[in-house]
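To keep things clear, I will list the structure first and then write my remarks on it.
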Amino acid sequence: MTTFVRSLFKGATALALALGLAACGGGGNGLVVGTSPTTTATSTVTVIVTPTLPTVIVPFVGIAFPLAANYSVHVPAGTQITAPNGPTTTLSSATTSINVPANSLITVPTTVAGTATILVTTNIALASGILTTLPTAQFMAGSPSVTGPPVDGTGTSAVFWGGGHLAVNSAGTVMVSDGGALRQVTQAGAVTTLVTGYLPYDWEGLAVDIAGTVYGSGTSYAPPPDAYGASIQTRTLAGTLATVVSNWTTSPTVSALGYGGLAVNSSGTMFLTDAANHRILKFTPAGAVSVFAGNGKAGLTDGTGIIASFNKPSDLSMDGAGNLYVSDTGNSAIRKITPAGVVTTFGKLATPGAITADTAGNVFVAAGTPRGLYRISSDMTAIVSYPLAGLTDPITGLTVDSQGRVYVGTFGVGAQIFKVAF
């Protein structure tokens with residue numbers, strides 16, 4: 001009975017965190033993706049987003065934005081387009097759409113105001129660039145109408161609490177933290193509970209190393225006078241369980257310690273978002289803990305290590321070069337941390353939550369209200385909003401495999417797992 005009640009509490013806590021942080025507001029270029037065109041303010045320019053086509057958002061007004069092949073963007077009248085061979089065109093209000101050569105420069109002057117209704121596209125087929133075709137969201141597992149105590153099964157016969165983190169191994173098996181339990185979803189949609197939830201193991205943040213070992217962070221039992229701790233544990237492919245970091249922090253009252261995104265590099269070093277203390281923690285394979293970035297105070301400051309500041313960082317992911325990408329939710333920002341601990345602001349999105357990065361450094365984020373799927377190119381030249389048909393609940397978990405397929409976990413009535421192919 002205790003486990004059941006706590007499962008309800010933790011599921012509600014996950015949703016409250018996602019929706020509560022979303023309600024905090026914040027600036028940036030976050031968009032709402034719905035069933036009809038919606039708008040968002042960017043400086044004095046209102047960008048219109050069509051729900052039928054992924055739209056590249058000009059990240060900053062007043063700079064020359066290169067539009068590569070197979071891109072589309074809506075811009076206002078007064079926008080200047082400079083073709084690769086030199087001519088510059090200023091779009092008038094009579095223009096509704098225009099095809100331009102790949103690598104044309106688009107500039108929205110800071111003096112321009114109005115609604116972005118002119119569709120600009122590049123339709124030259126090249127290997128690079130973000131395709132304007134919609135990605136497909138393929139259902140994998142989870143009941144469409146039931147949310148509650150976990151039930152194993154295949155496809156719609158499986159039941160999730162929802163709201164947990166995701167990770168994927170080299171075989172394409174998706175690991176899910178679900179109400180404190182560790183569960184897996186095969187490519188065929190078969191769901192199995194690997195480790196039940198809570199004491200002594202609480203699987204919230206998740207990561208998988210190259211050997212297939214699963215790392216999990218969450219609450220642990222702390223002997224009196226403390227009641228709760230935060231620990232990191234592992235499960236090998238063979239099923240062996242071990243505690244890597246035991247009770248690195250404790251509290252007599254806080255029962256949700258150790259929550260947040262978790263990542264592990266090739267040497268076994270672990271990184272964890274510590275939202276309550278506005279910082280990113282580092283754990284050695286031997287379990288020694290230190291502050292990797294953030295000074296412990298809410299803020300938005302770039303810099304190295306503790307010079308930088310964050311505001312309720314909720315999730316993180318690592319690319320193939322060891323760079324970390326952090327959903328700095330309270331700042332409505334995506335932050336990048338190099339292996340040397342240098343923090344920069346990578347992009348702006350409204351109240352970002354779940355985040356994942358592919359090996360090339362392209363970042364996928366759940367952001368906005370309701371949470372939609374966004375892709376930020378590795379060079380930060382484009383932010384793309386992808387409407388996903390069939391997803392009616394908030395996206396609360398993301399991970400990406402070596403083939404670039406993104407896995408999505410949702411929370412709500414009928415929590416489910418989807419696979420998105422681009």
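The values are calculated or read from the model by the stated rules, or taken from the named source; none is laboratory data. These numbers come from a predicted model, not from an experiment. All Cβ positions, even for glycine, are placed from backbone atoms using ideal geometry, and neighbour counts span all protein chains on display. Only protein heavy atoms, including side chains, enter the accessible area calculation; ligands, DNA and RNA are left aside. Shrake-Rupley method; radii C 1.70, N 1.55, O 1.52, S 1.80 Å.
Remark: segment 246-328 carries a charge dipole of roughly 200 debye about the Cα centre, counting +1 on each Lys and Arg Cβ and -1 on each Asp and Glu Cβ.
A simple count of charges around Gly414, restricted to other residues whose Cβ falls under 15 Å of its Cβ and scoring Lys, Arg +1 and Asp, Glu -1, yields -2.
Assuming a ≥ b ≥ c are the square roots of the Cα gyration tensor eigenvalues, decide whether segment 134-178 counts as rounded (a/c under 1.5), prolate (otherwise, with a/b larger than b/c) or oblate. It is oblate, given that a/c is not under 1.5 and a/b is not larger than b/c.
Straight-distance candidates among the lysines for linking to Lys297, with alpha-carbon spacing under 22 Å and chain neighbours fewer than 8 residues away dropped: Lys282, Lys312, Lys336, Lys348.
Judged by the gyration tensor of its Cα atoms, with axes a ≥ b ≥ c, segment 287-422 is prolate; a/c meets the 1.5 cut and a/b is the larger of a/b and b/c. Taking every Cα-Cα distance in segment 266-344 and sorting them into 5 Å bins from zero, the calculated P(r) comes out as 4, 18, 31, 27, 14, 5, 1 percent. Residues in segment 213-372 average 35 Å² of solvent-accessible surface per residue, probe 1.4 Å, ligands and nucleic acids excluded.
Can you tell me, using C-alpha contacts under 8 Å and at least 6 residues apart, the relative contact order of segment 244-292 as a whole percent? In percent, rounded to a whole number, it is 30.
Look at where the Cα atoms of segment 284-302 and of segment 346-422 average out, and the two centres are 25 Å apart.
Just check segment 143-227 against the gyration tensor rule for me: Cα atoms, a ≥ b ≥ c as the square roots of the eigenvalues, rounded for a/c under 1.5, and otherwise prolate or oblate depending on whether a/b exceeds b/c. It is oblate, given that a/c is not under 1.5 and a/b is not larger than b/c.
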